[in-house]
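To start, the structure under review is shown below, and the notes come after it.
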Amino acid sequence: MSGITESYIEIMNLVYAYPERIDAGDFAGVGELFADAVFETEGGQPLVGSRAVQENFERWTRRYPDDGTPKTRHCIHNPIVEIDEANGSAVVRYYVTVFQRTPDFPLQPVWANRYEDRFVARTAAGVMPTGADSGTCPGTSAPISCRPRLRGREESPSEILCGCPGDWKDAAR
């Protein structure tokens, strides 16, 4: 096993960007992560681009007026990272547990899921990554899945394409 590489750090920073933004109530920032995506929720209309994703989070995710956040902590755990530097690709599998506490609601887990994100290194040709979640745990909300928009051509319905800074691009949630 090799040491921690720059690619590993960039990829994991992208994985952690979504929970950081959603927990901060930064739905515009969440939308930016999905700027180049067609974002689909189970039974919902596809959301195209960052503005549509932002508006969806603003509509469906409660933010509390005292601090503008959903009062959540998305905790990513057990990441398994497989990087293929030669092919410029990577896969990250991990679990997410969301905790919430409000003045009227004691700290407790409110949601859990498992994700598998697929990444590709960006190139001058604009190659983008894909990723997918693997469904929610029983008793939780509907899964979110996305499909990429690559030069106007749709790919697999369980894939996602997100616009993020850096040499790697990610499927964030």
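Miscellaneous remarks
- The set of residues in the range 75-101 being in contact (Cβ under 8 Å) with a residue 60 or more places away in the chain and surrounded by 15 or more Cβ atoms within 10 Å (Cβ to Cβ) consists of I76, P79, V81, I83, A90, V92, Y94, V96.
- Residue check for F34: touching a Cys at 6+ places or on another chain (Cβ under 8 Å), touching a residue at least 60 places away in the same chain (Cβ under 8 Å) and surrounded by 15 or more Cβ atoms within 10 Å (Cβ to Cβ): yes
- Single unsatisfied condition, D23 versus (1) modelled with pLDDT under 95; (2) touching a strand residue (DSSP E or B) at 6+ places or on another chain (Cβ under 6 Å); (3) surrounded by fewer than 20 Cβ atoms within 10 Å (Cβ to Cβ): (1)
The values are calculated or read from the model by the stated rules, or taken from the named source; none is laboratory data. As the structure is a computational prediction, the values presented were derived from the model and not from experiment. FYI the Cβ positions are ideal-geometry reconstructions off the backbone, even for glycines, and counts take in every protein chain you see.
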